[in-house]
Amino acid sequence: MSKRRVVITGLGTINPLGNNVADSWEKLINGISGIDDITSFDTGDLPVTFAGEVKNFDANEYMGKQHARKLDRSGHLSIYAAEQALLDAGFNPEERMGSNCGIVFGTGIGGIGATEDAVRVYDERGPSRINPLAITQLMPNSSTGQVAIKFGIEGPSLTITTACAASANAVGEAKNMIENGIVDIVVAGGTESGTTPMTIGAFAQIRALSTKNDTPTEACSPFDKNRDGFVMAEGSTVLILESEESAKNRDAKIYGYVVGYGSTTDAHHITAPAEGGEGAVRAMDKALKDASLSVDDVDYINAHGTSTPANDKNETSAIKTLFGTKAYEVDISSTKSMTGHLLGGAGAFESMVCILSLQNGVIPPTINLNNKDEECDLNYTPNNAVNKDMNIAMSNSFGFGGHNGVLVFSKT
Amino acid sequence: METNEVFDKVKGLFVEDLGIDESKVTMEAKLEEDLEIDSLGIVEVVMAFEDEFDIEIDDEELADVSTVGEAVKLLHSKI
């Protein structure tokens, strides 16, 4: 039996660039950064004082204070993005999606802000004053459950916590659910809101973050010789995946197809990529095979491109290993240069970028790429968007833990 | 403290701290059905009462409390 084709019928996002798809895309193709000084808390003596924060979003205003209080910020962002995506796909968010709809959500660190708050209260006031909502805010599946409750999603649900590959894996597992006929519709996405004091401090401790505090918009510079780490960002992106038949039966708009998914593990080191990006090579290869495509078919790679010395070098090696001479021809970019690193929300956001790139025939640039690094010598679309008629795009996501999730999208 | 003063303080907690719509908070309002305070929310309410009135409330004392008025009565008896 041939596999059912999987289409994307709805997109929703809230991220440092914008609070909807159109605004985010506009910034992406114009190479505008969403990174700035941290405003949500006093950065005190943290070694990093900037991040990609979501702007102009008041959860109390959006969902009412009584409801908003029950969720961590990662949950607020999830519901906001999911509502947009469902509306975009032509569903009525006031109606229950029912049992033919599943949900797969990715997050790296769940309600880490709620965790930090609860620990602070415990330290200051003791166990009897811990917020009774703490557990339901901080558990990694909180957003999955809250989105399901809000929109009446009664089919299978999964929460994937493969760090920065989480929502790439979410989109991939959602694709599998639909291909295998388990449900016709899956709300697939990711969320993260780790722009919090302890989390920034902890990532800084392992030297993962850029410390270019004086130039926040220029700090994230993937593949540049002077890159010095990633930039923490928050946001949620949701895609509505659907069987092609279901989408056509209800005359839904079709953005494109999810055609390939590859998932592998380095089994090497908890943070460092395997030498030469060996696990990434296997994931890209698997995703192409899953799509019955070859490297020659790939028009665009949305790189993981975190701006850490290790990732960008190893990802470049991995692309060269798999693509051979074609590696020097394929267009690559890292949109993290503008968004910062959405961690568990990155894979879903970058899936959206791939779909919009294919649809619009535009490759968003890698900004802040000014100094050549001999070890990063591919075409990363530096600083300016490129117009190109394309059919196939690949999205790479790699996470702490050695998790690799690669997706392949097709316009037709 | 008079009952109406206790009610005003309770109303203030519900509106300011818990984000409940002011017009819903009456003596007759049912905590669960009218104010949408679920089993997790009731723990928050108790914590807010304890802090505001500097008292301790045992879980058993809550058994008979299902309306704002009953909560006010319980608090009034303990202050």
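Just so it is clear, none of the values below were taken in a lab; they were calculated from the coordinates. In this text the structure is predicted, and so the values were computed from the model without any measurement. Glycine also receives a Cβ, built like all others from the backbone with ideal geometry; neighbour counts cover every protein chain displayed.
So the values come out like this:
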item	result
For segment A:1-143: rounded, prolate or oblate by the Cα gyration tensor [a/c cutoff 1.5]	oblate
Value of D in µm² per second that Stokes-Einstein yields for the protein assembly as shown, Kirkwood Rh from Cα pairs, at 25 °C (0.890 mPa s)	105 µm²/s
Note, ³J(HN,Hα) from phi for segment A:358-364, Karplus 6.51, -1.76, 1.60, rounded to Hz, x at Gly and Pro	4, 5, 8, x, 9, 9, x
Candidate lysines for bridging to A:Lys175, where Cα separation is under 25 Å - those fewer than 8 sequence places away on the same chain excluded	A:Lys3, A:Lys150, A:Lys248, A:Lys253, A:Lys286, A:Lys289, A:Lys336, A:Lys411
Cα-based equivalent ellipsoid, segment A:212-334: semi-axes from gyration tensor eigenvalues, Å	29, 21, 14
Of the GluC sites (Glu not before Pro) in segment A:305-412, those whose Cβ has at most 16 other Cβ within 10 Å and which sit in DSSP loop	A:Glu329, A:Glu374, A:Glu375
Euclidean distance between Cα centres, segment A:85-99 to segment A:10-54, Å	27 Å
Where Rh is the Kirkwood radius over Cα pairs, Rg/Rh for segment B:3-78	0.90
Amide H within-cut-off set for A:Ser157, under 5 Å, with H built and near neighbours excluded	A:Ile103
Charge sum, other residues only, whose C-beta stays under 12 Å from A:Val6's C-beta, Lys/Arg counted +1 and Asp/Glu -1	-3
Span from the segment A:158-237 Cα centroid across to the segment A:300-346 one, whole angstrom	14 Å
Segment A:7-249: radius of gyration over Cα atoms, expressed as a fraction of 2.2 N^0.38 Å	1.04
Rounded if a/c under 1.5, otherwise prolate or oblate - segment A:128-175, Cα gyration tensor axes	oblate
Amide H contacts of A:Gly152 (H built 1.01 Å from N, under 5 Å, at least 5 apart or other chain)	A:Met97
For A:56-62, mean number of other protein chain Cβ atoms within 10 Å	0
Kirkwood-based Rg to Rh ratio, segment A:257-410, C-alpha trace	0.92
Chain A, relative contact order in percent, only Cα pairs under 8 angstrom and at least six apart counted	24 percent
Theoretical ellipticity at 222 nm over the protein assembly as shown - DSSP helices of four or more residues, -39500 (n - 2.57) apiece, nearest 500	-10500 deg cm²/dmol
Phi-based couplings in Hz for segment A:296-308 (Karplus 6.51, -1.76, 1.60; Gly and Pro marked x)	5, 7, 7, 8, 8, 10, 7, 6, 5, x, 7, 5, 8
Amide proton proximity set for A:His341, modelled H, under 5 Å, gap of 5+	A:Val231, A:Met232, A:Ala233
Principal axis box of segment A:73-170, alpha-carbon based, largest edge first, Å	48, 29, 21
Value of relative contact order over chain B, rounded to a whole percent, pairs C-alpha under 8 Å and six or more apart	42 percent
Positive minus negative residues near A:Ser78 (Lys, Arg vs Asp, Glu; Cβ under 12 Å)	-2
Charge sum, other residues only, whose C-beta stays under 15 Å from A:Asp224's C-beta, Lys/Arg counted +1 and Asp/Glu -1	-2
